[in-house]
Every structure is written in structure tokens, then in C-alpha cells.
């Protein structure tokens, strides 16, 4: 199976056309194998007592961050449907929806970056040595985010920035109400941009499958709830986090 | 691009029954090539720009040929030649618009073998696409015709979306104007689709010109009696009088109530990827008489919303003038 697809340009030279979309099925199958293995291993493990969601609550996500998360999720969902469905044969007028959702995602990501650097502590997402010990040592608990969450965030960050950067270049190559398209790029460069857009999309599809799976796992559902309602309970905090490394405010 | 004198190694099937043709079309799917008169086939194959594994020749299927009366109008088999359509007495009497349009297709030699189904379902005429370049329409990521130095005199001024190729069919405009219905068959059964919806644009189907899916065959065209015997106008403007595609064409059907236009269809060819209905013109002329005044009022509406490319601005006044000519009393 090829990673890229190739074509001959107008001069007869072989150039890259984009990613090979056969990889889509590989990514989906691989993601489901990982999910199945994790589910089997988790089922065989002895599960500790589930912390109570009642009692005192602490704040995990501000309303503005939750809104950002769901705006990003909605735009990524629209981008995937409009980008992937025509490739797998479900054709419809997708282009306008795709670039509008892409712009929404871009604005949301720019907003997030600004907020992280201006109003939040960007180091919260840095992977530390303690983070890497946590999965192997039950006595080590993470701060606000676990190593897996930080790793996922890092991977999503890299892939999202790649997909946005390549998407903006592709955006300049189509007619929109804002401008007429430019055919300024050589076919080889354009193919490379399509490849970056495609391969980062495939990476995101794999990560999104894992993200949704973990968001729905019973022992992680309180994180999903916190992304909706904003809070976790004191019990959940104590069971999953090191209060020395993360001291959240009381939930209002 | 290499061109060859000989055909590539391809299976040729010549079924005598429609069921056999449908089974073959289903069996080969995207790798099958439905063959009518072959006038849009052999160039592709000799240039090695398309690579079907099998050709399914419909010319031996008797049920796909001929012009028949139907409950409400006529039904024309998809493998009926253009010459038969041009010479058919009923079509000339009641649907002269189609006869006129078919009479302007290519050349007499081509009309002798070219079929209605083939003319309707032919692929886009774009220099770049036809040359075998890997453009959007060929599944690539670029349009060679829409660039600062591109040759796009023949290309679309309406409804382009990445690809700017136009529908090349002369009979398509007439059939859209006549509110025809396409009969499409596959091994799963038969479906009918309005002529206007049979042709699809790049916004939804960038690699297709019609709504025909792999495994489907256009079997017939039904023309209702709605427009039978009405006032018609067809004109095709091309660089050559024969054996050329339209720069702009217009097919017009008008239902007259005395001296006034009760209803009408104005359909332009050569300006979009599908036959392009001039709905604003149709609305503007309703209730008006055929006169220079009405023509002058309606003509500018024809080109409203057009987005010409570098070398095809001329299509806008051409469309307007064709509307004026159609409105002459």
C-alpha cells in the first residue's frame, strides 16, 4: 500500500498528487485494533472502586474553554464529513461547507493559542518526567492532565496546525466570495500541500477515534462530564490527580 | 501525449438483449465502457487517456433503438441515431426543437452513427482534460483551464466549481427545454430522472457529467406532450458551421397564448457544465409579446451572475444576443 499517490504534471514529470486514500481504511482498522486491545486488557484488570461524583465539586474547565472545545469538535466533525465522504463515494456539494468549517477551526485554534499564552499557563500541557512515570507507578498521580492526555494534546496540536496551514494554502487555490483562485503553486508543491493535508487528516482521524473511545470509557466519563458541565468531584480529584500538582478552585 | 493508431487491448461485448448489457455493466462497473456510436469513445481509447477493461456495445440491443409513441408524448431509445431523430416525421412536427438541435451535432457522418444517448452522455470537452492531464475532472488537484495563461475561450461562465469545463451536448439543451425525462436502467431496476437533473455539475460530481452511476445504462428519453407543437428556437454559435462544439447555443420552447408568452424554457449550452436554464429570462418574458422591446428587456438577464474566465467574456453578449434572436416575432 502506497503512502502517497503520484501523477504526471503538465511537463510529463512524475510529481506527488496527494496522500493515498487507501490509508484511510488502514488508519480506521489500526485505531479499532488499538481500541479493542485496550478494551480487552482493561476488562481483565481489577478495577478499583469508582470515586463518587457527589459531594464537593472543583472546577476543571472554564465555560469559555468548554465552548472552544465543542466549537472545535463541531468544526472538525463537519470537516471530516465534508472532506472524507466524497472520497469514499458519497458525493455532494461539500466544498463551501468544508472551507467555512476550516475557517471556524482556524479562528478557534488562534483564539485558543492566544488564550493559553495570555490567560492560562501553557506549561500545564508540558510532558514532565513525573508524567512519564505515572502510567508505571500507581503512587504517582498526574496534575491537571495525565501523560496520555498531554501526549494526545501534543499530537493533535501538531496535526491540527499542519492541517490548518496546508488547508489555508489550498483555500487560496479555490474561488471563494473573498477572492478568485490563484494557480500560483507548481504542481509538485501543490501535491505536497495536498499530501500534508491528507496525511495529517488521517492522523487526526486515528486520534479522534481514540479520543472518542476514551471519552466514553466508564472510568473516564467524569472527564467528559467536566467538558460539558465544567466540574469534577473532590472524590474524583483525589482518586485521579495529585493535589500537590493541581489545586483547582471550588466549582461555582 | 502519445496517440496510437490501434485500439488498446480491451474486451468487446455486443449483447443483443438489454438484460445482458445490464449484467455486463454491473459486472464491470467503473471498468466498463458503454458504447453507443463510439464518437466519444475511440479518441479516449486511442490516446490511452481512459483504460476500460471492457466495452459494452449497445448497438445490437433492438429495444434501445427507435422512436415510439408513449402515453404522454414520445419515447426515444438511447441507441437511436441522431440521423433517425432528424428525419423522424413526428419529431419534426411536434418536437422540432430536438430535430434542430440534433441537426447541428457535429457532421452528417457523425450523426449517421452517433446516438442520442451518446450525445447526451458524452464527456467534457476541455483541452486539458482531453489531453489526459491529471486535472480535477480526472481525479487530480488542479484545473489547468483556469489560470492566467490558460486557454479557456470555450469554458464555463456559470456554476464552475474548481473544474470549468462545459457540457458539450447539443441535444441536451433541447431536451431540458422540452422537460424530457431520462430512463436509466441497472440490474437493480429502472429509475427515471428529469433531464435537468440528469446532467450534474462539478460542485457535486467533479469527475462525472451525468448522474449515471457505474453499472447504469441510459435506455431511453421520454418527451412529454407538454411542449408538443409549440414555438421553438434553436441556435448554435460555433467557430465552424459543422463538426464543432457550441461556443454558446440556445434552445427555446415557448407556449403562446395569442400574442403573449404564457410559459417558456430558455436553455443555454456551452456556458456551464450542465445545460443552463435562464430562469430570470423565463420569468421576465412571461406575459410579454414577442417584440424588440421584450427582447431588450429580457436579454441582459441572460448573463446575470456569470463569472467569465480570462478569454471567454465574449460569451456574455453572445448569450444576450441569442435571447434577442429567440424573441424576434
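The values are calculated or read from the model by the stated rules, or taken from the named source; none is laboratory data. No experiment lies behind these values; they were computed from the predicted model shown. Cβ sites come from the backbone with ideal geometry, for glycine too, and all protein chains shown count toward neighbours.
Residues in region A:172-186 that are more than 9 Å from chain B (Cβ to nearest Cβ), surrounded by 11 or more Cβ atoms within 10 Å (Cβ to Cβ) and either in contact with a helix residue (DSSP H, G or I) (Cβ under 9 Å, 6 or more places away or on another chain) or within 11 Å of residue A:99 (Cβ to Cβ) (or both): A:172, A:176. If the condition is being over 25 Å from residue A:175 (Cα atoms) and either surrounded by fewer than 20 Cβ atoms within 10 Å (Cβ to Cβ) or within 14 Å of chain A (Cβ to nearest Cβ) (or both), then region B:159-180 contributes only B:179. Within region B:193-237, being without any contact (Cβ under 8 Å) to a residue 40 or more places away in the chain and not in a helix (DSSP H, G or I) holds for B:193, B:194, B:204, B:205, B:208, B:211, B:213, B:230, B:231. When A:85, A:111, A:97, A:77 are screened for being more than 14 Å from chain B (Cβ to nearest Cβ), closer than 30 Å to residue B:160 by Cβ, surrounded by 12 or more Cβ atoms within 10 Å (Cβ to Cβ) and modelled with pLDDT of 95 or more, only A:77 passes.
Output the residues belonging to region A:8-52 that are farther than 30 Å from residue B:131 by Cβ, more than 26 Å from the chain's Cα centre (by Cα) and surrounded by 13 or more Cβ atoms within 10 Å (Cβ to Cβ). Correct list: A:50, A:51. The one condition from (1) surrounded by 14 or more Cβ atoms within 10 Å (Cβ to Cβ); (2) in contact (Cβ under 8 Å) with a residue 60 or more places away in the chain; (3) out of contact with any helix residue (DSSP H, G or I) (no Cβ under 6 Å at 6 or more places or on another chain); (4) more than 22 Å from residue A:123 (Cα to Cα) that residue A:164 does not meet is (3).
For residue A:242, the criteria (1) farther than 23 Å from residue B:163 by Cα; (2) at pLDDT 95 or above hold in every case but one, which is (2). Within region B:239-249, identify whether any single residue is surrounded by fewer than 21 Cβ atoms within 10 Å (Cβ to Cβ), touching a strand residue (DSSP E or B) at 6+ places or on another chain (Cβ under 9 Å) and modelled with pLDDT under 95, and answer yes or no. Scanning region B:239-249, I find no residue that is surrounded by fewer than 21 Cβ atoms within 10 Å (Cβ to Cβ), touching a strand residue (DSSP E or B) at 6+ places or on another chain (Cβ under 9 Å) and modelled with pLDDT under 95, so the answer is no. Looking across B:298, B:306, B:272, B:246, one residue alone is closer than 30 Å to residue A:179 by Cβ and in contact with a helix residue (DSSP H, G or I) (Cβ under 7 Å, 6 or more places away or on another chain). It is B:306. Taking the criterion of being in a loop (DSSP other than H, G, I, E, B), surrounded by 24 or more Cβ atoms within 10 Å (Cβ to Cβ) and out of contact with any helix residue (DSSP H, G or I) (no Cβ under 6 Å at 6 or more places or on another chain), the only residue of region B:75-116 that qualifies is B:95. Per the listing A:194, A:214, A:222, the residue uniquely part of a helix (DSSP H, G or I), modelled with pLDDT of 95 or more, under 20 Å from the mean Cα position of the chain (by Cα) and within 14 Å of chain B (Cβ to nearest Cβ) is A:194. Can you confirm whether residue A:200 is within 14 Å of chain B (Cβ to nearest Cβ), in contact with a helix residue (DSSP H, G or I) (Cβ under 8 Å, 6 or more places away or on another chain), crowded, with 16+ Cβ neighbours inside 10 Å and part of a helix (DSSP H, G or I)? Criteria not met by residue A:200.
Among the residues of region B:275-295, which ones are touching a helix residue (DSSP H, G or I) at 6+ places or on another chain (Cβ under 7 Å) and closer than 16 Å to residue B:315 by Cα? Result: B:275, B:277, B:278.
Filtered by the rule that a residue be within 14 Å of chain A (Cβ to nearest Cβ) and part of a loop (DSSP other than H, G, I, E, B), region B:117-134 gives B:126, B:131, B:132, B:133, B:134. Here residue B:61 clears all of (1) within 29 Å of residue B:24 (Cα to Cα); (2) touching a residue at least 24 places away in the same chain (Cβ under 8 Å); (3) surrounded by fewer than 20 Cβ atoms within 10 Å (Cβ to Cβ) except the condition numbered (3).
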